[in-house]
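The values are calculated or read from the model by the stated rules, or taken from the named source; none is laboratory data. Note that the structure is a prediction, hence the values are computed from the model and not measured. Cβ placement follows ideal geometry from the backbone for every residue including glycine, while neighbour counts extend to all protein chains displayed.
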Amino acid sequence: MKIDIETRNKVAQLFIDMEVGDTKPVRKLDMVPLLKEVNETAIIGHAVRFVKNEQGEVIALKKYRRTAIERRIENKTMQ
């Protein structure tokens, strides 16, 4: 499955727009590999965890810390 850069950017923006502690449901399970891939990028830096049900299926995303880009921006504005 080939995913274009625009879709990846939308997913990254979704992660950035979430507040720490926010949870969003995953409605399309076929998107989970893409979500995991974007979460592993340097700009996001593993800021999102995947909540699973008893069967091991991903049912939600939970942001547990600020993304790498959010931290970089905050550090630059403090200087």
Failed criterion for G21 (all others in (1) surrounded by 10 or more Cβ atoms within 10 Å (Cβ to Cβ); (2) modelled with pLDDT of 95 or more hold): (1)
Residues of the stretch 23-79 that turn out to be in contact with a strand residue (DSSP E or B) (Cβ under 6 Å, 6 or more places away or on another chain), charged (D, E, K, R) and closer than 20 Å to R8 by Cα, as a count: 4
Test: residue in the stretch 8-19 that is assigned to a helix (DSSP H, G or I), among the small types (G, A, S) and in contact with a helix residue (DSSP H, G or I) (Cβ under 8 Å, 6 or more places away or on another chain): yes
Output for the stretch 44-74, where each listed residue is at pLDDT 95 or above, β-branched (V, I, T) and not in a strand (DSSP E or B): I44, T67
